[in-house]
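Quick notes on the structure that follows.
The values are calculated or read from the model by the stated rules, or taken from the named source; none is laboratory data. Not measured: the values here are computed from a predicted model. No Cβ is skipped: glycine too gets one built from the backbone with ideal geometry, and neighbour counts run over all protein chains shown.
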Amino acid sequence: MNPAAGRRSVAGMRIASPAPAPVLGGPTVVEADGRRPPAAGPEKWRVRAHGLLLACLVGLAAGAAAAAVGKTRLADGAWAVTAGVLLVPLAWSVARTLMRRDVGVDAIALVSIAGALALGEYLAGAVIALMLSGGNALEERAGARARRELTSLVSRVPRSASVLRGTRVEEVPVASVGPGDVVLVRAGGVLPVDGVLESEEAVVDESALTGESLPALYRSGDTLRSGTVAAGAVRVRATRPAAESAYAAVVRLVRAAESQRAPFVRMADRYAAAFLPLTVAVAAAAWAASGDPVRALAVFVVATPCPLILAAPIALLSGVSRAARAGVLVKGAGVIERLGSARTVLLDKTGTLTLGVPRLARIETRDRLGDRESLRLAASLDQLSLHPYAVALVREARSRGLALELPTDAVEYAGHGVEGTVAGLRAVVGSGALLRRLGYEVPPGQGRDQAFLGVGGEVVATLVFADPPRADAAGIVERLRRLGVVHVAMLTGDRADVAGRVAAALGVDRVYAEQSPEDKLAVVDAVRSTPSLAPVVMVGDGINDAPALALADVGIALGSEAATAASETADAVVLVDRIDRVVDAIAVGRRSLRIARQSVLGGMGLSLAAMVAASLGLLAPLGGALLQEGIDVAVIANALRALAGGRPA
C-alpha cells in the first residue's frame, strides 16, 4: 500500500497522504563488524559482477574479430586488456586478504592471469578473466535465486497503512500504528499489523507465510496476521504495534538468515585455502619435470576451487529458501546444515504435539436427562466462565446445535465451577472438590481431566476432557525415523499418565513427564552430551520452552504466535500451526546437505583430475580455462537442485 498522491475518496471518506514512510519497524541491519551496509549494497555488487562480465565479453569478442582479419598484434592487445580488466580488482582483493594475514584462493586466479600475460598466453588470460567474471555473475545469480523466497518476504513489507480516524482515512507510517487503531486494507493489500477482523468476513491469502496455496476464510472477530494478503477490502483493529507483529518478527528472522554462514561453508573456505599450496606444488613439479612454464600455468588455470567456494553456500541457502516455501523460516544456512545431520528430536506435548486446547471427550450420564440435555445444562452454566473446560463445553454444545440459556441466580466459584438455575433446575457444574463442598456425593477416583454436573443434590453426569494429539501428528515419528532420526522423545510438564496416553498414540521412544523448564534444560543438555544422539532438535511452542529451544542444536518454535515470541531464541519458526512441517524442515536439511556434499566432492574431484591432466601436458591453458568454466556451471546447477520440487508432502 503506497501513499496516495494528493487526496482521494474511498467510500465517501477523505484520505490524507503524508510523506513516504520508513520501512516496517525492527532492528537496523548491520554488518558482522557493526558497520551499516551501503543502502544499495546488493545492487552495487550485482552491477559490478555483470559489468565485469560484459567488459570481458566485449574484449574477447574484439580480439576474436581482429584475429579473424589477420590483425594478430591487435588481437593480442585486446585480449591482454581484457585480462587486465580483471587483474586490477583481483590484485586488490588478494592484497586485502594478505593484509588480514590470510591467503585467499583468489591468489590462484591472480597467478593464473598474471602468468598468462607474462608467458604471452593472451587468449588464455582473457578466457580466464571471462571464466572468473562469469563465475562471479553466475554465483550472484544463483544466490539470488536461492534467496528468492526470503527476498519475496522482505519485499512485501508494507511501508504505510490506511488508518480510520473518525470519518477520515489517513495514510500513516506503519510504525505509527498502535493497538486499537482500525486499519483499512484494500483488495490485494498486505496486512501491515496483527489484528482482529471487524468486517463481516475476509478471504485471505496466507501462502507467503505458511506455504498454503488455498486462501483462508475468516469471520468477524477472528485474528488476522500481518503479512497476509486480503482478497477484498477489509477493516482490521490492530492488537499490537507493527514492530511487534508476526510479520515484523518474520522480517527480522529473514535478515538473520541472510547474515548467517554455515559451519560447512566455513569449512569449505578452509579446504579451499589449503588448495593453494597443493596447486603450487603440482605446478612446480610439472614445470620441473617438463621444463615448460606453460604446464605450470595450465595447472593454476584448472586449480581454481570454484566448486568448493560456490557449491556449499548455494546448496544450503537454497535449503533456506525451500524451507521458507514450506512455511518454515530458518535463521541461515547453519541451521539447514544442523537439521540435515540431526539424530534426536525432542517434542513438547501441550501446544506442540497436541493443540493445547481441551476438548470434551465423552459424557457419562447417570440420569434420565441423557447426554444432550446434560451437555446443554452444563454449557448453559459455563457461559459465565472463562475456564478452559468451560470454553470447551460451550464450544461443543454449540457445535451440536444445542440451544443454551443464560442461568439465573448464578454463582461462579473462580477456577472451580458455576452454580445457577437453568430451565427451573438448580444445577452446578465444576470440579469434584466443588461438588463435594456443596454436599454432592462424587464418585471416587476422579482426575483433573474430569468435571461433574449436579442437579437437585445428585451427580447426574461426568464430563471427561482430553487434549488429543493433532491430526497432523499422526505418523510423525515414523517419518522422522525414515529420515534417519534415531531418537524421538516427548518433554512435558503434564502428568505421567496423561503424557503416556499421547506418547502411546504417537509411538515416541521416551517420555519425560512433569518437567519444569529447568528440567527440560537438563534433558536437552544430557542428550546433546551423548555423541550417538547429537545433534538435537527441540520443538516447542516458543514461550515456556524458550530456554530449551535456545540450548538445543536447533530450536524450532511452532505456530504463528511463536513467530513473535521465540524469534530471539529459536533457530527456526514454523509459520503455520502444523507439527508435520518440522519433518518437512528436517527433510529439506537432509537433502540440501547431501547436495552440498555431492557438489563439493564432485567438483573438487573434477578439478583434481584436470590438474593431473594439465601437469602431464594433456591440457593447454586455454583448454583448461574452458574446462574449469564447465565444471563451475555443472557444480552450481547441481547445487541449485536443492530448490527443485514443490513443498514437501
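Remarks
- Residue match in the stretch 384-401 (condition: over 24 Å from residue 436 (Cα atoms) and outside any helix (DSSP H, G or I)): yes
Matching residues to (1) assigned to a helix (DSSP H, G or I); (2) more than 24 Å from residue 637 (Cα to Cα); (3) touching a helix residue (DSSP H, G or I) at 6+ places or on another chain (Cβ under 9 Å); (4) in contact (Cβ under 8 Å) with a residue 60 or more places away in the chain:
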residue: 301; (1), (2), (3), (4): yes, no, yes, yes
residue: 311; (1), (2), (3), (4): yes, no, yes, yes
residue: 321; (1), (2), (3), (4): yes, no, yes, yes
residue: 337; (1), (2), (3), (4): yes, no, yes, yes
residue: 346; (1), (2), (3), (4): no, yes, yes, yes
residue: 363; (1), (2), (3), (4): no, yes, yes, yes
residue: 368; (1), (2), (3), (4): no, yes, no, no
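- Whichever residue in the stretch 257-299 is polar (S, T, N, Q) and not in a loop (DSSP other than H, G, I, E, B) and, among such residues, is modelled with the lowest pLDDT: 259
- Any hit, the stretch 345-360, residues being buried (at least 24 other Cβ atoms within 10 Å of the Cβ), at pLDDT 85 or above and under 30 Å from residue 600 (Cβ atoms): yes
- Restricting attention to the stretch 455-478, the residues being in a loop (DSSP other than H, G, I, E, B), touching a helix residue (DSSP H, G or I) at 6+ places or on another chain (Cβ under 7 Å) and over 19 Å from residue 495 (Cβ atoms) number 1.
- Restricting attention to the stretch 204-222 and to residues that are closer than 17 Å to residue 189 by Cα and part of a strand (DSSP E or B), the residue that is modelled with the highest pLDDT turns out to be 218.
- For the stretch 465-499, the set of residues classified as surrounded by fewer than 20 Cβ atoms within 10 Å (Cβ to Cβ), among the small types (Gly, Ala, Ser) and within 30 Å of residue 379 (Cβ to Cβ) consists of 466, 471, 474, 493, listed by residue number.
- Any hit, the stretch 590-600, residues being assigned to a helix (DSSP H, G or I) and either in contact with an Asp or Glu (Cβ under 7 Å, 6 or more places away or on another chain) or at pLDDT below 85 (or both): yes
- The C-beta contact set for the stretch 379-403 (first residue within 17 Å of residue 362 (Cβ to Cβ), second residue among the small types (Gly, Ala, Ser) and outside any helix (DSSP H, G or I), distance under 6 angstrom, 6+ apart or interchain) comprises 389/451.
- Selection status of residue 458, surrounded by fewer than 21 Cβ atoms within 10 Å (Cβ to Cβ) and under 16 Å from residue 372 (Cα atoms): no
- Residues that are surrounded by fewer than 16 Cβ atoms within 10 Å (Cβ to Cβ) and at pLDDT 80 or above within the stretch 143-175 comprise 165, 168, listed in sequence order.
- Failed item in (1) touching a residue at least 12 places away in the same chain (Cβ under 8 Å); (2) in contact with an Asp or Glu (Cβ under 6 Å, 6 or more places away or on another chain), with residue 454 passing the rest: (2)
- Restricted to the stretch 63-108, and to residues there that are acidic (Asp, Glu) and under 15 Å from residue 276 (Cβ atoms), the residue that is modelled with the highest pLDDT is 106.
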